[in-house]
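Notes follow once the structure below has been shown.
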Amino acid sequence: MRRRRRGPEQGGGAGAAGRAGSLLIVRVDGEELVTESGQTVAGLLLALGRVSWRTTRGGGRPRGVFCGIGVCHDCLVVVNGAPDVRACQRLVRDGDDIRTQDGAELPA
Amino acid sequence: MSAPEENGQGAGEPGGHGPAAERTGVAGQVAKGPGADPPDADPPGADPPGAEPPGAGRLGAGPPGASTAGPDPAGMDRAAGPGVPRRSPVVVIGGGPAGMAAARAAARLGVRVLLVDSGAALGGQYHRQNSLAGRDRFALPPGVEHLPHSVVWALEPVPGGGHRVHLRTGPADGPGRTGRSVETRALVLATGAYDRALPFPGWDLPGVFTAGAAQALAKGQGVRVGERVLLAGTGPFLLPVAASLTAVGAEVAGVLEAGEPVTAWLHRPADAAAGWRKFGELAGYAALLARRRIPYRRRTAVVAAHGADRVEAVTTARLDAGWRIVPGSERRTPVDAVCVGFGFVPQLETALAAGCALDGGFVAVDAAQATSVPGVFAAGELTGVGGAAPAAAEGEVAGTAAARLLGARAAPPAAALRRARAGRRFAAALARAYPVRDGWRTWLREDTLVCRCEEVAYGELHRSVQERDALGVRAVKLVSRAGLGQCQGRVCGPNVACLTGVPDAAAFARRPIASPVRLGELAEPPEADPEARPQ
Ligand SMILES: Cc1cc2nc3c(=O)[nH]c(=O)nc-3n(C[C@H](O)[C@H](O)[C@H](O)COP(=O)(O)OP(=O)(O)OC[C@H]3O[C@@H](n4cnc5c(N)ncnc54)[C@H](O)[C@@H]3O)c2cc1C
Ligand code: FES
């Protein structure tokens, strides 16, 4: 059997919404902050009060979450140098470096 | 698009047979002709009286198409291998109500199950678990291997019968995921559905969400999409979203139903009654709206969103019976978020990759949830939208049928069959009660984006299709670019099909790659299937 669970589930035993799993340190556009495991990148950014974190290739228009379940690809973000990561699908992990995505970006 | 070739390469041994080719002792497991069952299907006489045997419905559903190796009546086609061995596990794609029920049913019959789901935790959309809670509400029986964080990105038939399922496990869209491919003779597709969103001026502004997004963020993350939120669209699903939004502290400014649902329901009370369980749930939500004094308006829609870089206000309007704006009824309302949902679109990629026939845009299945392709079953919202309970009933039927196909002895799941049948009637009644009317097209302006990814405006789509006389999905995509972006037409497909009048909206779902993979991942050598090693 393969790696079954990692990250969020290791928090263990936490109760309903709000009670944290383990604490993580991540960077969002260069700024370091503490968050909890189990959060998606989109959940984290929205909780920080941001509604957009990407600009479109054509019109340079701002985008954030639209479908919330991995279908629309509006919520793309750069995580640890890899662009085009769907923020609504990606769980934050300790040490993640999350950056706004400008138009079409090439992998770092 | 060169992806189909890359796809084959990543999959390994195109044209070869992999481990299956070396096996002996399973000769004779060659498809006998169009519509023939694999010879190891149900033993004669073991068919449930109430259900056709798996695959029975496909005779009328047309040939399986390119999805299986060329049928060879004499069984001498050298290209056809012996197929996937019978001891392969049941593979279930999707861990929502349908997929979980399928996995449970098959495992209870003593068959090994691999349950592949892209989520972090089981539950799918309806039972979405708060991933911050760190506790799993669902336990599956031993015998089910659950692979979370895993996406199925391609599917291919194995000559002689069965399918090879390609998946990647690891952090979503990350470069470091692990590849694996699994062979199976009994595949259950339970990939669910996503919200349909209709375009309107300003719908591309941040702060416009689908109703499902608001729901997923509230349930899964405890996050509210806005402080003051308006819900708009059609169908009963808007109500649980209103409830979830209030639960995470948002002010719901109103629920706008574009249709005229009450009169629509009354046309066929018998079918509506088939969904009585859902009605109880809905009555609860209606009571909540009343308690919270949340306005619920019929024949009303959000027809524009305003703001510079995010939603600051919306225009609502009354609609006539065909969903055209009633002149003079427009009102401006300040909100910081609007959530729209006009029913659901099935997540068809894997079903189409398998070559399953469709019916009215959903996967066609018989009473045992068998699709038109031998060895492939479908359950849940892939086959019609009726909610979580019918999805689970279909899952149980599909899981049982899949286990039987692998030789398990089982009585027909009579209760689940009954519930699934009632669920189908309920789904049909829902679809009739909440149709999407064509008048939404009049909400659009020349500069309203139709394809969000490629930023194709309505005027542009119209001109390019007219000028070049594009017919058919491919032509429309190529001349306008609509549907060619990152989402591969998942969002705009049904709308573009409607705007341009192309007949086959589901063709937008026919894409070589079911789930995004990075180019580097495609170039990696394939990983062997630990399950399918010599028997
Ligand atoms: C965002 C959203 C929220 C919803 N919330 C509610 C609600 O609160 N109440 C309600 O009554 N109804 C809700 N619905 C309706 C809901 O679709 C059904 O009631 C029910 O969840 C359907 O069950 P299912 O098993 O058919 O599919 P789903 O529950 O959608 O499960 C499908 C699963 O398959 C996975 N999947 C899809 N493709 C792949 C792939 N290629 N590889 C791996 N995994 C894959 C998905 O990640 C998902 O976990 C919601 C729908 C959506 C889209
Ligand atoms: S919001 Fe649609 S993919 Fe993330």
Would you mind stating whether B:G192 is open to solvent by less than 10 Å² (accessible area, probe 1.4 Å), within 16 Å of ligand 2 (Cβ to nearest atom) and within 11 Å of chain A (Cβ to nearest Cβ)?
no
Selection status of B:A172, under 30 Å from B:A301 (Cβ atoms), within 16 Å of ligand 1 (Cβ to nearest atom) and either modelled with pLDDT of 95 or more or in a loop (DSSP other than H, G, I, E, B) (or both)
no
Report the residue count in segment A:1-45 for those that are part of a helix (DSSP H, G or I), modelled with pLDDT of 50 or more and more than 7 Å from chain B (Cβ to nearest Cβ).
4
Show me the helices (runs of 4 or more DSSP H) entirely contained within segment B:411-499 in which 1 or more residues are polar (S, T, N, Q).
B:458-468, B:473-480
Within the group B:G387, B:G395, which residue is closer than 20 Å to B:A211 by Cα and out of contact with any strand residue (DSSP E or B) (no Cβ under 7 Å at 6 or more places or on another chain)?
B:G387
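State whether one or more residues within segment B:438-447 are within 14 Å of another protein chain (Cβ to nearest Cβ) and either over 23 Å from B:G99 (Cβ atoms) or open to solvent by less than 20 Å² (accessible area, probe 1.4 Å) (or both).
Of all residues in segment B:438-447, those within 14 Å of another protein chain (Cβ to nearest Cβ) come to B:447.
Right, trim to either over 23 Å from B:G99 (Cβ atoms) or open to solvent by less than 20 Å² (accessible area, probe 1.4 Å) (or both) and you get B:447.
Yes, that holds for at least one residue.
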What is the one condition in (1) closer than 26 Å to B:R185 by Cα; (2) surrounded by fewer than 19 Cβ atoms within 10 Å (Cβ to Cβ) that B:P435 does not satisfy?
(1)
Before we move on, is B:T383 under 30 Å from A:T55 (Cβ atoms) and of a type in the set (V, I, T)?
no
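Can you give me the number of residues within segment B:327-340 that are farther than 16 Å from B:V314 by Cα and touching a strand residue (DSSP E or B) at 6+ places or on another chain (Cβ under 7 Å)?
Here the count works out to 0.
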Return the residues of segment A:51-108 that are within 16 Å of ligand 2 (Cβ to nearest atom), under 10 Å from the mean Cα position of the chain (by Cα) and open to solvent by 10 Å² or more (accessible area, probe 1.4 Å); say none if nothing qualifies.
A:R86, A:C88, A:Q89, A:R90, A:L91
Total residues in segment B:199-221, condition part of a loop (DSSP other than H, G, I, E, B) and either under 18 Å from the mean Cα position of the chain (by Cα) or of a type in the set (G, A, S) (or both):
2
Go through the residues of segment B:324-332 one by one and say whether even a single one is closer than 28 Å to A:G49 by Cα, open to solvent by 60 Å² or more (accessible area, probe 1.4 Å) and not in a loop (DSSP other than H, G, I, E, B).
yes
Could you grab me the full set of residues in segment B:294-320 that are in contact with a Phe, Trp or Tyr (Cβ under 9 Å, 6 or more places away or on another chain) and either outside any strand (DSSP E or B) or of a type in the set (G, A, S) (or both)?
B:R299, B:A301, B:A304, B:A305, B:A317
Count of segment B:175-194 residues which are part of a strand (DSSP E or B), out of contact with any Phe, Trp or Tyr (no Cβ under 6 Å at 6 or more places or on another chain) and over 23 Å from B:R164 (Cβ atoms)
1
Look at segment B:195-223 and say how many of its residues are facing chain A (nearest Cβ under 8 Å) and charged (D, E, K, R).
2
State all residues of segment B:307-323 that are open to solvent by 60 Å² or more (accessible area, probe 1.4 Å) and in contact with a strand residue (DSSP E or B) (Cβ under 9 Å, 6 or more places away or on another chain); if no residue qualifies, say none.
B:D309, B:R310, B:E312, B:R318
Any residue at all in segment B:148-160 that's away from chain A (no Cβ under 12 Å) and of a type in the set (D, E, K, R)?
yes
Can you pull out every residue in segment B:359-410 that is touching an Asp or Glu at 6+ places or on another chain (Cβ under 6 Å) and of a type in the set (K, R)?
B:R404
Look at B:T234 and say whether it is more than 30 Å from B:V113 (Cβ to Cβ), in contact (Cβ under 8 Å) with a residue 12 or more places away in the chain and away from ligand 2 (no atom under 13 Å from the Cβ).
yes
Out of the residues in segment B:202-225 meeting the condition of being in contact with a helix residue (DSSP H, G or I) (Cβ under 7 Å, 6 or more places away or on another chain) and modelled with pLDDT of 95 or more, tell me which one is surrounded by the fewest Cβ atoms within 10 Å (Cβ to Cβ).
B:R224
Please specify each residue of segment A:65-82 satisfying the condition of being more than 16 Å from ligand 1 (Cβ to nearest atom) and either closer than 20 Å to B:A482 by Cα or out of contact with any strand residue (DSSP E or B) (no Cβ under 9 Å at 6 or more places or on another chain) (or both).
A:L76, A:A82
Complete set of residues in segment B:121-170 that are within 16 Å of ligand 2 (Cβ to nearest atom) and either in contact with a Ser or Thr (Cβ under 6 Å, 6 or more places away or on another chain) or free of Cβ contacts under 8 Å to residues at least 60 places away in the same chain (or both)
B:H149, B:V151, B:W153
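The values are calculated or read from the model by the stated rules, or taken from the named source; none is laboratory data. Since the structure is predicted, the reported quantities are computational estimates derived from the model, not experimental observations. Note: ideal-geometry Cβ built from the backbone for every residue, glycine included; neighbour counts use all protein chains shown. Heavy atoms of the whole protein, side chains included, go into the accessibility calculation; ligands, DNA and RNA do not. Shrake-Rupley method; radii C 1.70, N 1.55, O 1.52, S 1.80 Å.
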